[in-house]
Amino acid sequence: MENNLKDQYYKNMSIKPQMETLTFEAESVAYTVCQHFGVDTSDYSFGYIAGWSSGRDTKELRSSMDTIRRTASELITGIEEQLQELQRDREVSQEQTKESILLIQNTDLSEFSLLDVYGMDRPELMQALSEMSDDDKLSIQAYLESKGAWTTEIGNQDSREYGEYHLDVRYNTDTDELIDMKERKAVYDKAMEPIYANDVVVKFASAFESESEVLKITNMLREDVGKMLRDMVSLDENEWDGNYLSYMEKQGAEITLLASSSKELNGNMPDFWDYEYDFDAGLTDAEELSVMQQAEHIINRLEHGQPAFSDDERNLIVNYAYKLGNIEKTRELAEHIYAQEVDGNQDVALAMIDAQAEIDALPDSMVGISEMQEYGYTWIEMLPLTQERALELFDHDLPVYLLHTDGSESTVADRKQILEHDGMCGIEKGDWQNERKLLMMQEELTESNSNREALLLYGNTDKYGIYQLKDDPELDKFRFEGTESLKRMGITKDNFDAVLPENYKLVYMGELAELQGQTQSETLEAIYTKFNIDHPADYKAHSLSVSDIVVLHENGENTAHFVDSFGFTELPKFMLTLEGKENEIETELAVHIADRYILMHECDEGYDYSILNEQYHLLDGGVYDNPDITIQRAMDMVIADLKEPRFSAVTEQYYRDEFLQGEVYAGSEAEIVDFEELSEKAEEVEQTDLEAKQAEFRENNPDVVADFRARTEELFHSLDGQSAEDIEKTVYAYVQSQIDEYGLDAKIVDVVVAGSRCRGI
């Protein structure tokens, strides 16, 4: 046993040095290969290698070094070959993933080919197309494939299958124009960025050549831009090359192009500018325009890139400028309304009410301060009057003046002077303000309830109001009666239209904060409890009861709630009438705008609409799926959408859809027309078109039904002994009976058997 252990011990001792040498050589090979490829393993390897080599003779070390060098060289060569192969595969893969969308077209798009180009990115495709010879242009697809690309046609003038493709490059075969569409889209996006208050907009135009460019300068003051333009105008022909962009950039102007007729950029952009340089008429400062024109410029400038104003808002702003003659106040009003619309706030109505109040505060609604200024009279303490209004105020013993074009005025002593004066008249602001104060005090005595109501409906804080039936014997039949009782008496139907604001008076108004619950129902219950068991000291009416109405003004929105036998019933029509929005109660609306008509009516999802041309043919339609807004607001949104330019997925360009939009532009105004009359005309045209199509089909296919029926007879497999004709007669009789029973406006044209009983057709 002892001898066996000794033999095994000496055997192991002889194996151990061999294993240590192999491990040393492996570690050294690994270190050498890693170093070659930039991987540092010295912290681990150096200590191990130094420990093994200590005490080894030269022969043993030289033998190991030869092994290490040979093995490391083989490994490095093999790895490098593999890396080169991987790199080649990666380059091929990258090349295969390159893709561009190319549109080859003639000018009017009557001929085009939409290609998916693989193996070329956009710059490579642009470069290849720019190098084409005349022979190459005969088959661009073949030319690109000769350059290493492979192509797939995904649309043409025959298929008309555009799809949602984002073009990279467009080539015009008529003009040889080559366009980088991504670059053009970037230019458009830059042009549509917001225009800030300090930006200066300049328009260059030529009436003779019908060309124009609009640009903005972002780093210069308005007056500095004006001086630069005036200096440019005064230059002699030999002092500059006529390139105004180059000239202004040399003066330090940072320029962004907003529109260009020659570059097909925003060709239909609404007109606005600070300066216009007309090569035929010279330089014009926008401040030289009338205040109404300046107001339109302000509106168009604010809406650049994001339309926001309704027609009513646009009209109010322009009228505000005309009536008050103050462009800075007009700008403030426009900017305020725009900000509220964009942010979705509820203060727009209040802003419009305030602005209209300023207009209404003028002594004469038929003339504005701007007109007086243009007339030649500019004293700011005078307000203009027409002859008719001047006579009226003079008869009420108010001091009236005759205004003259030289800026002077003269006091009116008798009516004859006004009648003989062929110019404008006026009244001093102070005299008119005193008159208005007197009138307001008189109104407060008789209409104080109206003021409270306006505060409730349009105030800046959340409020509630309690309405009760007026003390009128004629209204006793409504008093303390719930909606179900009113229905049984035949007074109301499901819409409660008989519950009218004219029968109610506002008996109390309070701040909502202390009674406001998390939900509207909780708020109403809190008000009901408050006005039954804990009346405010200043509340003088009877406890809140059935037939009373609670109006809530929360977050700028008004709602009316009928105190019912059980809970509350909302009254939308009562609320709209109270707000003076009776026209918004309508469920049908029709408008005429430019050469288009729009029909709209209420449906379950919101509002169904149809867009017609002037011949009453249907062009487009759909459903505006927001039932929570009024039909007038829905119509405004459809009109706003109709005015906006369209975006082409093929050309990556904004354009006008002449088929749909016709002559409708941003400034087009809509007028309400008779819904029934327009509907009847549209139905007549639709029926005429249908009959014409049916007649054309019958003319082109005279035997189609007879041929189908003959084939049916040939292939028909009987059903319970019935022939095809028997079944057709049975179906005809049944359908006709249903039409008669329900009084349907329908006519059976024909009945023909088809299906599994006629295999082979």
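Here are some notes:
- One residue stands out among those in segment 199-231 that are among the polar types (S, T, N, Q) and at pLDDT 90 or above: the one that is nearest to residue 260 (Cα to Cα), which is 218.
- Just so you know, in segment 170-199 the residues that are outside any helix (DSSP H, G or I), without any contact (Cβ under 8 Å) to a residue 40 or more places away in the chain and not small (Gly, Ala, Ser) include one that is nearest to residue 653 (Cα to Cα), and it is 179.
- Listed by first and then second residue, the pairs with beta-carbon distance under 8 Å, at least 6 apart or on different chains, first residue in segment 724-737 and assigned by TED's automatic domain parsing to the domain that holds residue 754, second at pLDDT below 80 and of a type in the set (Ser, Thr, Tyr), are 724/712.
- Residue 322 being in a helix (DSSP H, G or I), among the hydroxyl-bearing types (Ser, Thr, Tyr) and either closer than 15 Å to residue 426 by Cβ or under 32 Å from the mean Cα position of the chain (by Cα) (or both): yes
- Single match in 550, 546 (criterion: in a loop (DSSP other than H, G, I, E, B), over 21 Å from residue 606 (Cα atoms) and modelled with pLDDT of 90 or more): 546
- Within segment 299-319, tally of residues that are within 20 Å of the chain's Cα centre (by Cα), at negative phi and not charged (D, E, K, R): 9
- Inspection of segment 180-194 finds no residue satisfying the criterion of being at pLDDT 85 or above and aliphatic (A, V, I, L, M).
- Residue 265 being among the hydrophobic types (A, V, I, L, M, F, W, C) and farther than 30 Å from residue 319 by Cβ: yes
- Just so you know, in segment 486-505 the residues that are modelled with pLDDT under 85 and not hydrophobic (A, V, I, L, M, F, W, C) include one that is nearest to residue 580 (Cα to Cα), and it is 497.
- Test result for residue 473, modelled with pLDDT under 95, more than 30 Å from residue 347 (Cβ to Cβ) and not assigned by TED's automatic domain parsing to the domain that holds residue 505: no
- Qualifying residue in segment 393-409 (condition: touching a Lys or Arg at 6+ places or on another chain (Cβ under 9 Å), under 28 Å from residue 334 (Cβ atoms) and either outside any helix (DSSP H, G or I) or not assigned by TED's automatic domain parsing to the domain that holds residue 506 (or both)): no
- When residues of segment 425-440 are limited to those that are over 46 Å from the mean Cα position of the chain (by Cα) and modelled with pLDDT under 90, the one farthest from residue 411 (Cα to Cα): 438
- Test set (1) of a type in the set (A, V, I, L, M, F, W, C); (2) within 47 Å of the chain's Cα centre (by Cα); (3) surrounded by 13 or more Cβ atoms within 10 Å (Cβ to Cβ) - residue 357 fails condition number: (3)
- One residue from 519, 577, 587 being at pLDDT below 90, surrounded by fewer than 17 Cβ atoms within 10 Å (Cβ to Cβ), of a type outside the set (Gly, Ala, Ser) and closer than 29 Å to residue 350 by Cα: 587
- The listed residue being in contact (Cβ under 8 Å) with a residue 12 or more places away in the chain and either within 30 Å of residue 344 (Cβ to Cβ) or out of contact with any helix residue (DSSP H, G or I) (no Cβ under 7 Å at 6 or more places or on another chain) (or both), out of 526, 537, 560: 560
- Matching residues, segment 591-610, being farther than 11 Å from residue 662 by Cα and aliphatic (A, V, I, L, M): 591, 598, 599, 600
- When 134, 158 are checked against the criterion of being farther than 30 Å from residue 242 by Cα, modelled with pLDDT under 90 and not in a helix (DSSP H, G or I), a single residue qualifies: 158.
The values are calculated or read from the model by the stated rules, or taken from the named source; none is laboratory data. Owing to the predicted nature of the structure, the values given are computational and were not obtained by experimental measurement. When we count neighbours, we look across all protein chains shown, and the Cβ atoms used for this are built from the backbone with ideal geometry, even at glycine.
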